[in-house]
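The values are calculated or read from the model by the stated rules, or taken from the named source; none is laboratory data. Just so it is clear, the structure is predicted and the values come from calculations on it, not from any experiment. Methodologically, a virtual Cβ is constructed for each residue, glycine included, from the backbone with ideal geometry; neighbour enumeration extends over all protein chains shown. Remember, those area values only see protein heavy atoms, side chains included, never the ligands or the DNA or RNA. Shrake-Rupley method; radii C 1.70, N 1.55, O 1.52, S 1.80 Å.
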Amino acid sequence: MNRHGARRDLWLTSLLGFSLLVVIPVIAITGLLSNAAYDPRLAGNVLAQGRTLGSLDFYLFTWPTHPWWLYAATQGVHVSLGLAAFPIVLAKLWSVLPGLFTSAEQPSLARVLERLGLVLLIAGILFEFFTGFFEIEYFFPFGAQLITAHYYGAWVVIATFLLHAALKLPTAKRSLELRRAVAPLRRDLVHMPPPSALLTVVAASDACCAEAPGAAAPISRATVLATAAAGSLILLVQGVAPVIGEPVRRLALLGPRGNETGPGPNDFEVNGTAAAAGLTTKQLGPGWRLHLAGDDGVSRDLSRQQLRRLPQHSYSLPIACREGWSTTQHWTGVRLRDLAAVVGTDGSSDLNMQSLDGATASLASNQVADERSLLALRVNGVDLSPDHGFPARVIVPAATGVNRLKWIDSLQLGSAAS
Ligand SMILES: Nc1nc2c(c(=O)[nH]1)N[C@H]1C(S)=C(S)[C@@H](COP(=O)(O)O)O[C@H]1N2
Ligand SMILES: [Mo]
């Protein structure tokens, strides 16, 4: 073992391993929560938003509408931690590089499976990182299937991560314990661990992570740790900034959103502009009607003036995008459940919606029934700007941004939604 000015060793690998042991499950769980929030069970969400349903799509619960910041938090954590984990993954890979291609052990079936799992884990993590990053950066090399691929890639990572952690945990734990045990040695030889314990770890370290004897080592362990930690911290801060909002939003280095905002009180992130969606001023003009359909073929067309004469309610709620940013604004409009009543339903059904740009989405019945779920007509005391969804957009507490359509054309409730 190369003890002098040690660069790679089992302690470094174990330390990085333990931080990933905490971080990767948090990323995985918040990612699965994001899938539940998006709710691909509902027709309008699967069909139009690039997710296909497979056998690994299972849901243990309906996405709640409380607390109102739920998705902003889970997805903010998912995206910022997902990015921040990357430097740690790279450092960990670097730390085991010498042992990755050489093996003292005899090849066995268990060994081959372990290596195969490891290859899949590394490939899976890289795949998840890049597909997630592409999504944030608006780069869709294989269309909307990017999100489906990200979802299935997650299952590969979860399975191989569990296998890898189970196999390596004992060695990693011993290595950290040993370092703690060895620390007082410099002062007090009595606390020295039994030599057998030392020897197992030295052997494991040699097999895994030791620098080849006499190898030129261009970087020190401290440099590797400091670089990984600094990189990770920068990514974390830039990821959390767009969730917190002003004045730290400008630290969001990687998010392309927020370059477009709106005038006056509409001055907050625009995801896609009305022009980019191909909408004309005529479509958004006074001729616009909301097409409502409910039970037993009941339907109504409502102008914006008619909607304004229905009871108006105001709530501060965030738009929380799956890309990790969110923005909380004060919305005013008509309750979705009041609109359900207009077409003779009790608001206990799902809701399907279509927008003028062709987007579709669905809401579950608990989202329709929540008193804070609005067809918003105004924001921060003024009419919505065209880019923020004028004439009307749907706002739902705790929900994902993709399901909060702008430029609403029609809503189906009750039997019309099934
Ligand atoms: N009709 C329509 N509604 C939409 C979208 C869209 O492309 N078309 N994008 C959704 C997404 S992904 C988000 S994050 C929010 C963003 O709303 P904003 O542009 O007002 O910030 O709108 C949602 N509503
Ligand atoms: Mo979004």
ask   = Can you name the residue in region 142-191 that is among the charged types (D, E, K, R) and not in a helix (DSSP H, G or I) and is also modelled with the lowest pLDDT among such residues?
value = Arg187
ask   = Just checking, which of Ala359, Ala320 is within 13 Å of ligand 1 (Cβ to nearest atom), in contact (Cβ under 8 Å) with a residue 24 or more places away in the chain and crowded, with 21+ Cβ neighbours inside 10 Å?
value = Ala320
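Every residue, every condition in (1) open to solvent by less than 20 Å² (accessible area, probe 1.4 Å); (2) among the β-branched types (Val, Ile, Thr), yes or no:
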| residue | (1), (2) |
| --- | --- |
| Thr62 | no, yes |
| Ser80 | yes, no |
| Ala91 | yes, no |
| Gly99 | yes, no |
| Phe127 | no, no |
| Ile136 | yes, yes |
Selected residue (only one of Pro397, Pro386 is away from ligand 1 (no atom under 14 Å from the Cβ), in contact (Cβ under 8 Å) with a residue 60 or more places away in the chain and either farther than 30 Å from Lys282 by Cβ or open to solvent by 10 Å² or more (accessible area, probe 1.4 Å) (or both)) = Pro397
Criterion violated by Ser303 - all others in (1) hydroxyl-bearing (Ser, Thr, Tyr); (2) over 23 Å from Tyr71 (Cα atoms); (3) open to solvent by 50 Å² or more (accessible area, probe 1.4 Å) satisfied = (3)
inquiry  = modelled with pLDDT of 95 or more, away from ligand 2 (no atom under 16 Å from the Cβ), within 29 Å of Gly358 (Cβ to Cβ) and assigned to a helix (DSSP H, G or I): is that true of Gln283 in this structure?
reply    = no
inquiry  = Quick check on Ala416: is it within 14 Å of ligand 2 (Cβ to nearest atom) and either closer than 22 Å to Val46 by Cα or surrounded by fewer than 23 Cβ atoms within 10 Å (Cβ to Cβ) (or both)?
reply    = no
inquiry  = Restricting to region 366-405, name every residue that is more than 21 Å from Pro40 (Cβ to Cβ), in a loop (DSSP other than H, G, I, E, B) and within 16 Å of ligand 2 (Cβ to nearest atom).
reply    = Gly389
request  = Could you check how many residues of region 323-356 are among the aliphatic types (A, V, I, L, M) and more than 16 Å from ligand 1 (Cβ to nearest atom)?
outcome  = 6
request  = Go through region 406-418 and give me each residue that's part of a helix (DSSP H, G or I) and either in contact with a helix residue (DSSP H, G or I) (Cβ under 8 Å, 6 or more places away or on another chain) or free of Cβ contacts under 8 Å to residues at least 24 places away in the same chain (or both).
outcome  = Gly414, Ser415, Ala416
